[in-house]
Amino acid sequence: MADAATPQPAAAQAAAPQQGLAFRHQSLKDLSFENPNGAMGLMTQGKQPEVKIDVNVNNRNLGDSRYEVELQVSVNASVEGQTAFIVECVYAGLVQIGADIPEETIERLLVVEVSRYLFPFAREIVSSATVKGGYPPLLLNPFNFLSLLNNPKDRGEGVGAGVLQVVRDFTLFVQAQHEAVVGRLGLEEGWQSE
């Protein structure tokens, strides 16, 4: 008699239907960083940046229980109406959903759970892009993807306590960087570049 813990041959496993959720692939689909005024334009002005963050999730059925989920993060930072930088990132995952998942829960699984898995990767890409653009790292706080599911009309609006906190954190960091630059250069606080 075969032991229940004995692994099944590969052919038997391949014949078994897919169960649960399986990630098949994930990748960066699109990344754009615009830095029209350079970091020093923001740092030397001593003004608080206004940071707007939008998060959106799109998914599409590719057939055979496969879905592509796109997590879109857009960040626009400006000082007194002048754009400091814009970051747009689309990070995607290809998932396969097993026959054991009820049809009525697929949307929730894709929008909430798959996006929650993809978010740390998109977060790191956005942070890295702002650093490579000459700015402090923009660390996005965890996002409540359930709010997108509950309010589909709000998809892409980027509202939530986590977004507000990241704006405050980034603003304080830029202010500290400005004060450090002013101190190192021995400049007066009211100094402005020409």
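The values are calculated or read from the model by the stated rules, or taken from the named source; none is laboratory data. Because the structure is a prediction, the values reported are computed rather than measured. Heads up, the Cβs are rebuilt from the backbone with ideal geometry, glycines too, and the neighbour counts pull from every protein chain shown. Surface areas here come from the heavy atoms of the whole protein model, side chains and all, with no ligands, DNA or RNA. Shrake-Rupley method; radii C 1.70, N 1.55, O 1.52, S 1.80 Å.
Summary of computed values
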| read-out | value |
| --- | --- |
| Neighbours by Cβ (under 8 Å, 6+ apart or cross-chain): first from the range 64-83, touching a residue at least 60 places away in the same chain (Cβ under 8 Å); second among the aromatic types (Phe, Trp, Tyr) | 73/91; 75/85; 77/85; 77/135; 77/170 |
| Selection count, the range 54-83, where residues are open to solvent by 40 Å² or more (accessible area, probe 1.4 Å) and over 30 Å from residue 34 (Cα atoms) | 5 |
| Residues that are free of Cβ contacts under 8 Å to residues at least 60 places away in the same chain and open to solvent by 40 Å² or more (accessible area, probe 1.4 Å), drawn from the range 84-110 | 88, 102, 103, 104, 105, 107, 108 |
| Boolean, residue 127 is out of contact with any strand residue (DSSP E or B) (no Cβ under 9 Å at 6 or more places or on another chain), open to solvent by less than 30 Å² (accessible area, probe 1.4 Å) and among the hydroxyl-bearing types (Ser, Thr, Tyr) | yes |
| Residue in the range 115-124 that is out of contact with any strand residue (DSSP E or B) (no Cβ under 8 Å at 6 or more places or on another chain), on the phi > 0 side of the Ramachandran plot and either touching a residue at least 40 places away in the same chain (Cβ under 8 Å) or surrounded by 15 or more Cβ atoms within 10 Å (Cβ to Cβ) (or both) present | no |
| Identity of the residue in the range 111-162, under 15 Å from residue 87 (Cα atoms) and among the charged types (D, E, K, R), that ends up modelled with the lowest pLDDT | 132 |
| Check on residue 131, farther than 20 Å from residue 23 by Cα and part of a helix (DSSP H, G or I) | yes |
| Exclusive hit being more than 23 Å from residue 129 (Cβ to Cβ), at pLDDT below 75, open to solvent by 50 Å² or more (accessible area, probe 1.4 Å) and not small (Gly, Ala, Ser), set 1, 40 | 1 |
| Criterion violated by residue 70 - all others in (1) within 15 Å of residue 148 (Cβ to Cβ); (2) touching a Phe, Trp or Tyr at 6+ places or on another chain (Cβ under 9 Å); (3) modelled with pLDDT under 95 satisfied | (3) |
